[in-house]
Every structure is written in structure tokens, then in C-alpha cells.
Amino acid sequence: MRENQRAPQRQNASMGLAGAIGFGLVACVLYGVGAGLRGDIGILLTPLSEHCGLPYADVSFCIAVMNLVFGAAQPAFGLLAARRSNRFVLLCGTALLAASLVGMSVAHSFWALFCSLGLLFGLGAGALAFGLILSSAMRRVGPERAMMISGMLNAAAGLGAFVLSPTIQGLLDAGGTSFALTTLLVPVAALVPIAFVVTSADGRSDAPEDSQSPRTADPSSPGLFRRAFSNRTFLLLVAGFSTCGFHMVIIESHLFSQYLSYGIPATSASWAFSLYGIATIFGALLSGWLSVKVPKGRLLVFYYGFRALWVLAFIFLMPKTLATAILFSTGLGLTGDATVSPTAGLVNQQFSLAEAATLIGVLFFGHQIGGFLSAWLGGVLLGATGSYTVLWVLDAALCALAALASANIRNR
């Protein structure tokens, strides 16, 4: 009898590669739109400043709050999903993201922008979280495809940014800020039916279960957080991933404006910025594959160390031209989302599938605390120094510390 009950599970877990890839592509659309909009928010920084009549630093602060809310929302939505369902949370995220776009299109004051961009956008993006989408996808295709799906989702974030960068700039040129924001409601609305497909295996008795950990604790239990924060590997991941957030949000919030400050035209800058997105696709896919072959801690050492050296080379050695902007964007993209697969893989090694979705959300909260600081400091330091140099030097120092922390992870 027990063998008969396990048979459907083994059959589902052994879904063919083509079927897993097809389902993964659907999940990628859901994650890619939300992550792409968040990643390209920097393109809207100056237009929102003009649209709302606010200084650059005020809009930077709203983006900083958005990143902090995005991080805080993920573990909270992870707990909500454990009580309700992943589908419920993903649909809520779509509605919040749509409300944010509408709110920004009619905002003409700091508080209106703060609520729509800082709060609603952060909550919506946080609900469309990597951990929730990955856990639903894994229940459909099985844990053995986990790293492949993880790499595909990270690639989707880059593809979303690549497609949306010139799209947003084109909409801004065609009809202004309000027109661009309301038009973006179309891809957001398309996420509703996709969320139903992605969560189709949730709650099924024959869905594959996590085979890497014997723990079956309730992911909403306080004991989970006590175990997580007494786990050496998890603490080192929090330290590294927080630095990752500082680095990534500089790119998402300030890099486009930095290119404009070099005299690069907006259309050319948007294409240079979009190459960051396309490079993250290759980096994320390669990282998903390498995370199966190479000790994950060593991968993180390389990724963080490369970031530190690449930033210093651009700031102090390279001329500031369109060609070097393209080169810099490409180099940043190759490690942009590459840290997620080994980080998520290390969490999955230590905790069960249900627990990992919540704990990955905790990691993203730390990630976005770093993001809050860099988005906010970018505006402050630009006003104080007139350049982005101090911000990038601080980023390079933090990346070096993250590489050191990752070197202390004991690989299994």
C-alpha cells in the first residue's frame, strides 16, 4: 500500500526535461515582469522627479523605502502563504503592483509617491517573490530540477529588465510618465492567469516533496527562526546577501542616472542599461548549472570578489563613454543574479522545502536592507559630493567583506 502511494510522487518528480523547461518558462514570466519592473525603476527616477515636482533625493528615498518594504514583505508573505496559499499571495501581489502603477501615475506630492512607490510597489514586488514561485515550481517538477528552475527564474529577472528598459524609455518618449505607467498595467494584468498555472500543483497529494531534509516543522513556527539564526551557514549567507542588496540597488536605482551624468543620451543609456539585464540571463543560467557542479560557497567567493574588482576598475581606470558603459553593464550583469542560485541551494541543503521558502524571504529582507542604504545614500552622497564615486568605493569594500564571509561557508 505504501509503495502504491509513493508511485505517483516518483512519476511526477521524474517529469521530463522538456516538460520541466516548459513549466519553468511559464514561471519565468510571472517572476520576470515583477523583477524587471523593480530592476528598471531607476529609469523612472528622473521622470518621476519631474512629474511629481520633487528633488532627486526625495525620489531616491522613496525607492529606498520600496526596497526595504520589498525585503520585509517577503518573509511576511511567506508566512501568509503557509497559512493560505502561494496562489493567494501571488494574486495579492499582482493587485498591489497594479495599484502602485496607478498611484504613481496620478501622484503629484511626496506622500502620494511615498505611498504608491515606496509602500504599494514594495509590497507588490515582495509578494511576487522568488522563494514562493520557486517552491510552487518545484512542487510541479520535483526537487531534482531545483537548480535548473532557480537559474531560469534568475535569468527571467534579467530578461525582464532587458525587455522593459528600452520599452519604458520608449513609452516615456512617446507619451510621458503617466502614459508609461498606465501602459505597464497590461503586462501586470497578464500575470493573473499565469499565477494560476504556476500554482497548479500546490496542495496536490502527488506533488513532489523535499527530499533533502527530514525536517517537517511548520514554517510559521518561531522555532524555525531560532534554528535559522543559530545556523552558521545561514548567518554567513545573511551577511553576504545583505551586501549583495547594497550592490544591486545601486545598479537598479542610480546607474542609469549615472550614465546620463556622463553625457550619454537617454536612449543610448537605456540600451546600455538593458545589456545589464541580458547579461544577468547568461550569468544566472550559468550559475544555476555551476551550483550543481561546484561548491556553492566557492562560487559566492568568486562572485563577490569579482564585483569588488570590476567596480574599482570602472571607477578609477576606464574612460566614461558609451562603450565602457556597455562593458561595465555587461560585467555587472554576469554576476548580478548569479548569487541567488548558490545562496538558495545552501538554504535548501540546511532546511526543508516549506521552510526554505520563508527563509529565502528572510535573506531577501537582509538583501533589501542593504538596498535601502544604497538607494538612499546614492541621493545623499550625490548631493554632497557631486559624483557617485564614494558610493561605489563603499560598495567595493562591502563586496570584499562578503567574499571573505562566503569563504567561511562549509560546503557539503
For region 286-336, what are the residues that are outside any loop (DSSP other than H, G, I, E, B) and farther than 24 Å from residue 405 by Cα?
-> 314, 315, 316, 322, 323, 324, 325, 326, 327, 328, 329, 330
Residue 141 farther than 30 Å from residue 17 by Cβ and in contact (Cβ under 8 Å) with a residue 40 or more places away in the chain | no
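Any idea which residue in region 380-412 is modelled with the lowest pLDDT, counting only those that are in a loop (DSSP other than H, G, I, E, B) and within 17 Å of residue 345 (Cα to Cα)?
Here the answer is 412.
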Subset of region 38-55 that is modelled with pLDDT under 90 and in contact with a Leu (Cβ under 7 Å, 6 or more places away or on another chain) - its residue that is farthest from residue 127 (Cα to Cα) | 42
Looking at residue 209, is it of a type outside the set (Gly, Ala, Ser), at pLDDT below 80 and in a helix (DSSP H, G or I)?
-> no
Among (1) without any contact (Cβ under 8 Å) to a residue 12 or more places away in the chain; (2) open to solvent by 50 Å² or more (accessible area, probe 1.4 Å); (3) of a type outside the set (Lys, Arg), where does residue 326 come up short?
-> (1)
Selection count, region 114-149, where residues are of a type in the set (S, T, N, Q) and either open to solvent by 10 Å² or more (accessible area, probe 1.4 Å) or modelled with pLDDT under 75 (or both) | 0
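Condition check ((1) without any contact (Cβ under 8 Å) to a residue 12 or more places away in the chain; (2) buried (at least 23 other Cβ atoms within 10 Å of the Cβ); (3) among the hydrophobic types (A, V, I, L, M, F, W, C)) across all residues:
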residue	(1), (2), (3)
237	no, yes, yes
257	no, no, no
264	no, no, yes
269	no, yes, yes
296	no, yes, no
Scan region 280-287 and give yes if some residue there is closer than 17 Å to residue 165 by Cβ, under 17 Å from the mean Cα position of the chain (by Cα) and open to solvent by 20 Å² or more (accessible area, probe 1.4 Å), otherwise no.
-> yes
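Working only within region 96-113, note down all residues that are aliphatic (A, V, I, L, M), open to solvent by 10 Å² or more (accessible area, probe 1.4 Å) and over 19 Å from the mean Cα position of the chain (by Cα).
Taking region 96-113 and keeping what is aliphatic (A, V, I, L, M), we get 96-99, 101-102, 104, 106-107, 112-113.
Okay, now just the ones that are also open to solvent by 10 Å² or more (accessible area, probe 1.4 Å), so 96, 98-99, 102, 106, 112.
Across region 96-113, the qualifying residues are 99, 102, 106, 112.
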Examine region 43-57 for a residue that is open to solvent by 40 Å² or more (accessible area, probe 1.4 Å), of a type in the set (Phe, Trp, Tyr), touching a residue at least 40 places away in the same chain (Cβ under 8 Å) and part of a helix (DSSP H, G or I), and state whether such a residue exists.
-> yes
Among the residues of region 336-345, write down those that are more than 13 Å from the chain's Cα centre (by Cα) and crowded, with 24+ Cβ neighbours inside 10 Å.
-> 342
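The values are calculated or read from the model by the stated rules, or taken from the named source; none is laboratory data. Because the structure is predicted, anything quoted here is derived from the model rather than measured. Cβ sites come from the backbone with ideal geometry, for glycine too, and all protein chains shown count toward neighbours. For the accessible areas, the whole protein counts, side chains as well, though only heavy atoms, and no ligand, DNA or RNA atoms are used. Shrake-Rupley method; radii C 1.70, N 1.55, O 1.52, S 1.80 Å.
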